[in-house]
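**Student:** What follows is a single structure, and I will ask about it in a moment.
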Amino acid sequence: MKTTLVRLAQATLLVAVFYLGMVAISSTVYSDNRRLICYFLPYIQRVGGQESLMLADYSAAQPYEAIVIGSSHAYRGYDPRIFEAANIRLFNAGSSSQNTLVSRALTEHILQPSAQQLYLIDVYDKVWSGDGIESCNRLIQNSTSNAFSLDLAFYPLDLRKINQYSTWLFSNTTVKEVQAKDYVLLGYCSQQDTLTEAPKALDAPETINPLFEEQLERVMELLDAAGASYVFVSHPQPVTQGMKTYHAPLKKIVENIAKEKNTFYLDYTLDGRFADYRYFADANHLNQQGVDLFNTILIKDLKEKKPELLDRFQTSQ
Amino acid sequence: MLFNSIEFLIFFPTVLILYFLLPHAYRWMMLLAASCLFYMFFIPQYILILFITIVIDYIAGIYIARSQGRRKKIYLVVSIISTCLVLFVFKYYNFFIDNFNTTATFLGQEMRLNNLDIILPIGLSFHTFQSLSYVVEVYRGNEKPEPHFGIYSLYVMFYPQLVAGPIERPQNMLYQFHEKHSFSYGNLSSGLKLMVWGFFKKVVIADNISMIVDACFAHHETLGFKWLLLGSYLFAIQIYCDFSGYSDIAIGAARTMGFKLMENFRNPYAATSIKEFWSRWHISLSTWFRDYLYIPMGGNRKSPARTNLNLFTVFSVSGFWHGANWTFVIWGALHGVYLIIENLLKKFSWFQNYLTTENRWIKLVGAIIVFQFVVVGWIFFRAPSASIAVSMIGDILTLRSQTEDLPKALSGIHPISLQFKLVLVALFLLLDQRISAIATGRNGKLSLVAKLILFTFLTAFILLFGYWGDVEFIYFQF
């Protein structure tokens, strides 16, 4: 038995050496301004982009009064400049395909909520499904916090995230492999394109992943513990076939959670004021014209629905 | 549970450790419980279907052994019909209904029957065949009925080969569950080596080329013959790596506990005839059909015409076993035709000389030619319909041209990524036999240190370059 254990230990050590050796080589050799590993493994995310700028910006201009968490709907849908004009200092912590698992890690390790803050939790129908690998890997690759990267990489266990973490360890972060041309400030990206025709019907979301429900619960616990407030928001989308059918049960879930937590849910998904395609850049996202209208409506609704949430920012100026 | 999942990474060592920690008397219980858990990771309630077939064949085995003459035959027939009925309902019912409706429409009848809204239980064809081999062997008197219900259940449900074989025989398996296996470093080491090689074939080779194959078959209308040929060749490699990879993992996992499962693949693409191909490809299934269908039908003991008819029937049925679709039937029938042609060619001395030659170059050319015929079969096997398969083969044979270097269908794959995958495939083809021989213990020339370095390197390669998305094994659908 002793021989077996010694041989297994030797084998494990050798596996680790070979693994790290291969990661080191494929993460440091570049072709066309991109590490080789990015070609070999399509799920490995590149250095740079919106997530990189967002994480760097966050620490630069704290504290914030309002914070948005969510997917690309979030970082393309909430313009800090419009909120600033309404005397609200907002940071947009959205990231690509961000699900509640990523939101939880982000809230816990990076955002670290405090009392008096208002969190706008952007939820869209697909936030409950999918594996969230792309979202995790983008943040792992562009993180400057080991605890944050470790959390994302190892919970729940998935080799694609662990491989991204190993790649991150050997990455040269000064070489930007991808640019975020539409990045504006404080996590926000603006799109100027305009949708010219009805988008294709989007696939209905898959079944709800219970892990994502559990992680949303954790996000709310973290916010409650810090004394921060939160509301749920769904931003407008161009209405496609089938959307009305699959949106209704998912809306009910968020409404129930909001009711249980004594907060509210502002749902603009099928809002008729955004029926015109000129407000959208593509099948998913608002363009700047749409964001201007949406943010103005949102601030007004927030003030009407719960004035004490926003009034305190004005009095603290 | 998938072998290529995080769950299995926890499940496998836990079962292995528990197996050797427990006293012999309790091991079957633990293995059975673990096998149930393994199966229930797919669709939990379907374990009841498995339970029903186990109960039927367990009781049938006892009654068959106790009876004589006509009664004995009745028990066998009842057992076979009831086991096959489950397979028919879940796998073939909708196929027959669809064909019935199509025929009715063709004949101008308005009668339509409804399909069943059911999902095929994973690996149903595999454990059905394993159950059938038990009752037949008991009927033939080659095997005594297993009195222990738990051990018999384990024979059907043993987790390594539960969902995709190898399809075992009772003579090879049942006694092993009664034997006491002591821990052996040799078994652990050789079992793990086989598993590593199986995983390499599955997650590094098969899964990494699957997206190229999928793109080539999905967009066949826009692709030139080079891409269609590449897609077809790669599918031949994908299905080999996928299925033989599963078999290696299964055989290896069983071996770590001291169980010996039968070999399922032996370098099939080196075959210099179709007959030889079938003695190297999915051996547990081809020998099953030989023993339980071909020989009872008369095999080659009757006239040459009858032998050829038997071959054609057996291979068509084998195709139908793979899936309820005409493409599988055509694939099987095509192999039947190949074998008939080979039988006819045996009348010529040059062909006899070719089959017995030891000349390496002639063998190599022969293997390349046989591979082309096998690939034609794979096109039918993989294509969504027979008409698409025929159209693809036509486009390849007429050398349909294409102007783009990298077709739009494959534009999601970066050229460097494509080259990397093709280099991996080429390296695999060069090294497959050597590494397989080392993994299975047929080649003991390599030193202990060299083996350690080789298999730890392969493990690291699997961890980093394996495809770790949700990809099932191709043969799970059967």
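What follows is calculated from the coordinates using simple rules that are stated; it is not laboratory data. Because the structure is predicted, anything quoted here is derived from the model rather than measured. Cβ atoms come from the backbone with ideal geometry, glycine included; neighbour counts cover every protein chain shown.
**Student:** For A:K161, which aspartates and glutamates qualify as cross-link partners when the Cα separation must be under 13 Å and same-chain residues fewer than eight apart are set aside?
**Tutor:** Leaving aside aspartates and glutamates fewer than 8 places away in the same chain, those within reach of A:K161 are A:D131, A:E134, A:D151.
**Student:** For B:K73, list the lysines whose Cα falls under 25 Å from its own Cα; do not include residues on the same chain fewer than 8 positions away.
**Tutor:** Excluding near neighbours in sequence, the set is B:K144, B:K302.
**Student:** Size of the dipole of chain B about the Cα centre, Lys and Arg at +1 and Asp and Glu at -1 on the beta carbon, nothing else charged, in debye to 20? Before the final figure, lay out the partial values.
**Tutor:** Numbers: 37 positive and 26 negative charges, 348 e Å.
About 1680 debye.
**Student:** Provide the descending list of Cα extents for region A:36-115 along its principal axes, expressed in whole angstroms.
**Tutor:** Principal extents (largest minus smallest coordinate, Cα): 47, 24, 22 Å.
**Student:** Let me ask something additional. Mind checking which of B:F90, B:M111, B:W350 is farthest towards the positive end of the protein assembly as shown's charge dipole, using Cβ charges of +1 (Lys, Arg) and -1 (Asp, Glu) about the Cα centre?
**Tutor:** B:W350
**Student:** What is the mean number of Cβ atoms from other protein chains located within 10 Å of the Cβ atom of each residue in peptide B:448-460, rounded to a whole number?
**Tutor:** Numbers: counts 1, 1, 0, 0, 4, 3, 0, 3, 10, 7, 2, 7, 10.
If you average over the peptide's residues, the count of other-chain Cβ atoms is 4.
**Student:** Listed here are the pairs A:K181/A:K306; B:K275/B:K445; B:K91/B:K275; A:K126/A:K305; A:K200/A:K251; A:K126/A:K244; which of them are more than 24 Å apart at the Cα? Could you put the intermediate results ahead of the total?
**Tutor:** Working: A:K181/A:K306 36 Å; B:K275/B:K445 31 Å; B:K91/B:K275 28 Å; A:K126/A:K305 26 Å; A:K200/A:K251 22 Å; A:K126/A:K244 14 Å.
Violating the 24 Å limit, Cα to Cα: A:K181/A:K306; B:K275/B:K445; B:K91/B:K275; A:K126/A:K305.
**Student:** How do A:D32, B:D98, A:D122 line up, fewest other C-beta atoms within 10 Å first? Could the numbers behind the result be given before it?
**Tutor:** Details: A:D32 8, B:D98 14, A:D122 24.
The fewest-first ordering by Cβ neighbours comes to A:D32, B:D98, A:D122.
**Student:** Could you work out the relative contact order of chain B, using alpha carbon pairs under 8 angstrom and six or more residues apart, expressed as a whole percent?
**Tutor:** On the way: 582 pairs, mean separation 87.5, N = 478.
Answer for chain B is 18 percent.
**Student:** Arrange the peptides B:35-47, B:354-366, A:69-81, A:86-98 so that the one whose residues have, on average, the most other Cβ atoms within 10 Å appears first.
**Tutor:** Ranking, from highest mean packing down: A:69-81, A:86-98, B:35-47, B:354-366.
**Student:** Also, I was wondering about something else. Could you tell me how far the Cα centroid of region B:108-132 sits from the Cα centroid of region A:208-241, in Å?
**Tutor:** 42 Å
**Student:** Suppose R0 equals 56 Å. What FRET efficiency, 1/(1 + (r/R0)^6) with r the Cβ-Cβ distance, do B:L448 and B:I118 give to the nearest 0.05? Could the numbers behind the result be given before it?
**Tutor:** Numbers: r = 51 Å, r/R0 = 0.92.
With R0 = 56 Å, the Cβ-Cβ based efficiency is 0.60.
**Student:** Charges at C-beta only: +1 for Lys and Arg, -1 for Asp and Glu. How large is the resulting dipole of chain A about its Cα centre, in Debye rounded to 20?
**Tutor:** My answer is approximately 660 debye.
**Student:** In which sequence would B:K421, B:K72 go, from the one with the fewest C-beta neighbours within 10 Å to the one with the most? If you can, show how the numbers build up before the last one.
**Tutor:** Working: B:K421 20, B:K72 16.
So the ranking, lowest neighbour count to highest, is B:K72, B:K421.
**Student:** Which of the aspartates and glutamates could be linked to B:K347 by a straight reach, that is with a Cα gap under 19 Å, when you skip same-chain ones fewer than 8 residues away?
**Tutor:** Straight-distance partners of B:K347: B:E276.
**Student:** While we're looking at this one, here's another question. Which whole-number percent is the relative contact order of chain A (Cα, under 8 Å, 6+ apart)? Kindly include the intermediate steps, with their values, before the conclusion.
**Tutor:** Working: 528 pairs, mean separation 72.0, N = 317.
Relative contact order here is 23 percent.
**Student:** In the P(r) worked out for chain B, what percent of Cα pairs fall beyond 31 Å?
**Tutor:** 48 percent
**Student:** What fraction, in whole percent, of alpha-carbon pairs in region A:7-82 exceed 19 Å separation?
**Tutor:** In whole percent, the long-distance tail amounts to 60.
**Student:** Rounded, prolate or oblate, given the Cα gyration tensor of region B:315-442, with a/c below 1.5 counting as rounded?
**Tutor:** Because a/c hits 1.5 or more and a/b fails to exceed b/c, region B:315-442 counts as oblate.
**Student:** Next question, about the same structure. Among B:G224, B:I212, B:Q176, flag the residue with its Cα farthest along the positive direction of the charge dipole of region B:107-242, charges on Cβ as +1 for Lys/Arg and -1 for Asp/Glu.
**Tutor:** B:Q176
**Student:** Continuing with this model, one more query. Positive end of the charge dipole of chain B (Lys, Arg +1 and Asp, Glu -1 on Cβ, about the Cα centre): tell me which of B:W321, B:L9, B:L364 has its Cα farthest that way.
**Tutor:** After comparing all options, I get B:L364.
**Student:** Restricting the count to DSSP beta bridges whose residues both fall in the protein assembly as shown, what percent are antiparallel, rounded to a multiple of 5? If you can, show how the numbers build up before the last one.
**Tutor:** Values: 4 of 20 bridges.
Of the beta bridges lying entirely in the protein assembly as shown, close to 20 percent run antiparallel.
**Student:** How crowded by other chains is B:411-417, given as the mean number of beta carbons from other chains within 10 Å of each beta carbon? Mind dumping the intermediate values first?
**Tutor:** On the way: counts 0, 1, 2, 6, 1, 7, 5.
The mean count of partner-chain Cβ atoms within 10 Å per residue comes to 3.
**Student:** Ranked highest first by the average count of other Cβ atoms within 10 Å around their residues, in what order do A:226-232, B:426-432 fall?
**Tutor:** A:226-232, B:426-432
**Student:** Have a look at chain A and give its Rg and Dmax from the Cα atoms, expressed in angstrom.
**Tutor:** 21.0, 73
**Student:** Can I ask one more? Can you check what the Kirkwood hydrodynamic radius comes to for the protein assembly as shown, Cα pairs only, in Å to one decimal?
**Tutor:** This gives a value of 30.2 Å.
**Student:** Taking the Cα centre as origin and putting +1 on Lys and Arg beta-carbons and -1 on Asp and Glu beta-carbons, what dipole magnitude results for region A:146-256, to the nearest 20 debye?
**Tutor:** On the way: 9 positive and 14 negative charges, 49 e Å.
It works out to roughly 240 debye.
**Student:** Roughly how tilted is helix A:2-28, in degrees to the nearest 10 and between 0 and 90, from the longest Cα axis of chain A?
**Tutor:** Roughly 60 degrees between the two axes.
**Student:** Hey, another quick one. Neighbour counts of other C-beta atoms within 10 Å: give me B:H414, A:H235 arranged from fewest to most.
**Tutor:** Numbers: B:H414 17, A:H235 30.
Least crowded to most crowded, the residues run B:H414, A:H235.
**Student:** Arranged from highest to lowest average of other beta-carbon atoms within 10 Å per residue, in what order do the peptides A:166-172, B:201-207 appear? Could the numbers behind the result be given before it?
**Tutor:** Working: A:166-172: 17.9, B:201-207: 25.9.
Peptide ranking by packing, descending: B:201-207, A:166-172.
**Student:** So, one more: Using amide H atoms built in the peptide plane, which far-off residues or other-chain residues are under 5 Å from A:N287 H to H?
**Tutor:** Answer set, sorted by chain and number: A:F280, A:A281.
**Student:** Roughly how many Å is it from the Cα centre of region A:101-139 to that of region B:16-69, as a whole number?
**Tutor:** Computed from Cα coordinates, the inter-centre distance equals 45 Å.
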